[in-house]
There are 2 protein chains.
Amino acid sequence: MINKLIANIKKTNAPIVVGLDPMLSYVPEQVQQKAFAEYGETLEGAAEAIWQFNKEIVDHTFDLIPAVKPQIAMYEQFGIPGLAAFKKTVDYCKEKGLVVIGDIKRGDIGSTSAAYATGHLGRIQIGSKTYVPFDEDFATVNPYLGSDGVNPFIKVCQEEKKGIFVLVKTSNPSSGEFQDQQIDGKPLYEMVGEKVAEWGAQCMGDEYSYVGAVVGATYPEMGKVLRKVMPKAYILVPGYGAQGGKGKDLVHFFNEDGLGAIVNSSRGIIAAYKQEAYRQYGPEHFGEAARAAVEAMKEDIAGALENR
Amino acid sequence: MINKLIANIKKTNAPIVVGLDPMLSYVPEQVQQKAFAEYGETLEGAAEAIWQFNKEIVDHTFDLIPAVKPQIAMYEQFGIPGLAAFKKTVDYCKEKGLVVIGDIKRGDIGSTSAAYATGHLGRIQIGSKTYVPFDEDFATVNPYLGSDGVNPFIKVCQEEKKGIFVLVKTSNPSSGEFQDQQIDGKPLYEMVGEKVAEWGAQCMGDEYSYVGAVVGATYPEMGKVLRKVMPKAYILVPGYGAQGGKGKDLVHFFNEDGLGAIVNSSRGIIAAYKQEAYRQYGPEHFGEAARAAVEAMKEDIAGALENR
C-alpha cells in the first residue's frame, strides 16, 4: 500500500492528504437541515450530515489528491451511527481511488493490539466466512506500550500489504511534555524514531517502508533530525494550515527524491468556506472552496520544495 | 463516579474488576451456534455471540463485583455490529449497578481528544437535542501526547462526574522500552505518575481523585513507588492471573486504608471454564465457572491484604 500511496502522490504531484475530520459546526446549515429532515435531530441525523458533507468534499477534490485521513474520533463522538458514517466514508474514498489513512491512534498490548489491527487493517474469520471490518489502507498507532503494541499491527500489514504511521513527535503544543524528555542525551521522540526505522526494516515496499511516522509540521527542526533517523519511513505531517505550519517549514521532512513526506490539512481544507480567503464561495459551495484550498496548498508546498 | 466505584468496592468487599474482553474462541460452541443460527456467520452473528456470552458472565457475577472493564478492541474487531455489542454491554452492566470502565486507551490532541471524551464519557448536542453516545463511567487514556491530550477528558469528567485511568506503567513485557527510560535519574513512568497526581488534584472525589492510573500487576516494585508518587490516584491494575500477576504481588498497590487499587482479570474469569481448575463446570456452565473464578480471586487478594 505504500507503493500505491507513492504512485498516487506522483500521479497527482501532490504530497498532501485531506483530513476528513468533520465537526458538526463545519457542516453548512443546508446540509444539516436536509439530514435532520430525514433522520431527525438524532445521532443518525448528525451522522448523515457529516457523511453528506464528506461526500461533497471528496467529490470536489479526489482528482487532485492522493489520500484522505478521516479522524475516527470525530465519528466516534456520534456513537454507532457516527462510526457507520466513518465506514461509509472509508469505502467511498477507496472507490474513488484514494488511499485511506485511518487516524485512529490505537495501541494496546498483544492480543488487544492484534484485535485493533484486525478491525482496521485486516480480516476476521467468523465460522467459515471472512470479513473486512473497517478496511482502511493505513492506520496511525501510539507507541507508548512499546514493541508489543506495534508488532501485531506490523504482522497484519505484512499479510495485507497495508501500513501504519507511528506517533513520533506530535504537532500539539504540549507534545514535548514527555516526547522531548532527554534520555542519554537524546530526546524520547528520537528514540521512538529509531524504533520506527527498526520496525520498518521488516516490511519494505519498493522504496519506502510500510511503517511510517507522524511528525508535526509545527516542529520543523525536529523533522529535520527525524528525517535522517528514519530515512525509509514515510512521514505523515499534521499541523499544516490551521495549526500554524507553512510550506517553507516542511521542506526538511522530504528526502532528496522529493518523496518521503505527506502533509495533512483538515480544517484548512474542509472548512475553507469559513475563511476570509474563500468566503466568496459561500456555504452553498463549500466543496468548491475546499477544491480551491487544496490547489493553494499544493502550490504552497510545491513552491517551497522548488526553492529549497 | 470515583465515589460510586469506592462505594461498590466497599459493598462487595472486592477490589476487583472483570475484564469483558471476549475473543470468539472463548465463546462456547452452543452460544456461537445459537447466534449463527439467527444471524448467520456474519459480523452480526459474532456480535450477538459475544453479547450473549457477556450477559451470561455478568448475570453470574454482578452481585460479587464492583465493576467491569470491557476492552473495546475486542468489539471493534467485529466492525459496527461489534461496537453495537459493546454499547449493549455497557448499558446492561450499568443497569445491573456495575461501574463500567471503558478500556479504550484513546488519546489525541485538543478538539480530537474532546471528541473522544464526548463520545465515551460525555454528551453531544445535535440541534436542540442531547445524546450520550457510549456513556461509560470511566475511560482509559494514553498520555503520550501530554496535557493537551488529557485535559479535554478531565474537563468532561468534571462536568459529568466521571473518571479516567491514565496509562502509566503497562503490564506487557515490552512496556519498559519507552516507559522505563531514565530522565534526570527517574523513569518516564514516574514522570507520567507525577503528572497524574497533578492532573488529579483538579478533580477530587471524597477521598480519591477522578483521575486514576494504570499500573501493571506484573511490575509490583514499580507499583510500590507509584503508589507513593500519586497517593490520591486510584490504580487500575491489569495483568493479574493469565498475565502472571498474583495476589501477593498486589499489596503495595493499595494504600493503608485498604483502598486505592482495583485489580483486573479478564481471561482468568471469563474463560475460566477452559482452565483445569474449573473444567468440571464444562462449556455449558461457563457462567458458573466465571463465578467460581471471581470467588477464588477475591479470596486470593483478601488473603494477601490481610497478611501484608
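What follows draws every value from the coordinates through simple rules; no lab data is involved. Quantities reported herein were computed from a predicted structural model and do not represent experimental measurements. Glycine gets a Cβ as well: all are built from the backbone with ideal geometry, and neighbour counts include every protein chain shown.
What to note about this one:
- Here's the picture: charge each Lys and Arg Cβ at +1 and each Asp and Glu Cβ at -1 in the protein assembly as shown, and of A:Phe134, A:Ala35, B:Gly260 the one pushed furthest to the positive end of that dipole is B:Gly260.
- Largest GNM mean-square fluctuation across B:Val156, B:Val237, B:Val294, computed for chain B with C-alpha springs under 10 Å, falls on B:Val156.
- D_trans [Stokes-Einstein, Kirkwood Rh over alpha-carbon pairs] for region A:107-265, 20 °C, 1.002 mPa s, µm² s⁻¹: 134 µm²/s
- Annotation: amide H-H contacts under 5 Å for B:Ala213 (H modelled 1.01 Å from N, sequence separation of 5 or more, or interchain): B:Val166, B:Tyr234, B:Ile235, B:Leu236.
- For the protein assembly as shown, share of DSSP beta bridges that run antiparallel, in % to the nearest 5: 20 percent
- Label-point distances for A:Lys94 to the equivalent site in the other copies, using a point 7 angstrom along Cα→C-beta, read 3.2 nm when ranked shortest first.
- Each Lys and Arg adds +1 at its Cβ and each Asp and Glu adds -1 at its Cβ; summed about the Cα centre, region B:82-186 shows a dipole of about 340 debye.
- For region B:231-249 versus region A:230-289, the gap between their alpha-carbon centres in whole angstrom: 44 Å
- Expected 222 nm ellipticity per residue - DSSP helices of 4 or more, -39500 (n - 2.57), all of chain A, to 500: -14000 deg cm²/dmol
- Here region B:159-308 is treated with +1 on each Lys and Arg Cβ and -1 on each Asp and Glu Cβ, and its dipole about the Cα centre works out to around 200 debye.
- For region A:235-240, 3J(HN,Hα) per residue [Karplus equation, 6.51 cos²θ - 1.76 cosθ + 1.60, θ = phi - 60°, Hz, x = Gly/Pro]: 9, 8, 10, x, x, 6
- Distances between placed amide hydrogens fall under 5 Å for A:Ile16 paired with A:Val263, all partners being 5 or more residues away or on another chain.
- Under 5 Å between amide hydrogens, built in the peptide plane, is the criterion, and for A:Gly102 it picks out A:Asp137, A:Phe138, A:Ala139, A:Thr140 among residues at least 5 positions away or on other chains.
- As a rough footprinting exposure proxy, the listed residues B:Ile183, A:Ile126, B:Ile16 were ranked by other beta carbons within 10 Å of their own, and the order from fewest upward is B:Ile183, A:Ile126, B:Ile16.
- Cα gyration tensor of region B:2-302 - equivalent ellipsoid semi-axes, whole Å, descending: 30, 24, 17
- Copy-to-copy label separations for A:Ala37, where each label sits 7 Å from Cα toward Cβ, in nm and ascending: 4.7
- In a fully extended conformation the segment linking A:Arg279 and A:Arg308 would gain 7.3 nm over its present Cα-Cα distance, using 0.36 nm per residue.
- Net charge dipole, the protein assembly as shown: roughly 360 debye, given to the nearest 20, about the Cα centre with Cβ charges of +1 for Lys and Arg and -1 for Asp and Glu.
- Region B:68-76 - phi-based ³J(HN,Hα) in whole Hz, Karplus 6.51/-1.76/1.60, Gly and Pro as x: 10, 9, x, 8, 5, 4, 5, 9, 4
- Taking the DSSP beta bridges with both ends in chain B, the antiparallel portion is around 20 percent.
- A:Glu198/B:Ser128 FRET efficiency (R0 60 Å; Cβ-Cβ; nearest 0.05): 0.70
- Shape call, region A:1-155: gyration tensor on alpha carbons, a/c limit 1.5: oblate
- Dipole axis of region A:147-196 (+1 Lys, Arg; -1 Asp, Glu on Cβ), positive-most option in A:Val150, A:Ser174, A:Leu188: A:Val150
- Label points for A:Val132 are taken 7 Å from Cα along Cα→Cβ. From this copy to the others they lie 3.8 nm apart, shortest first.
- Rg and Dmax of the protein assembly as shown, Cα atoms only, in Å: 23.7, 75
- Estimated from the Cβ-Cβ distance and a Förster radius of 35 angstrom, the FRET efficiency linking B:Glu256 and B:Ser111 is about 0.25.
- Our note on the geometry: Cα centres of region B:30-55 and region A:45-92, 29 Å apart.
- Residue order, fewest to most surrounding Cβ atoms within 10 angstrom, among A:Phe134, A:Phe153: A:Phe134, A:Phe153
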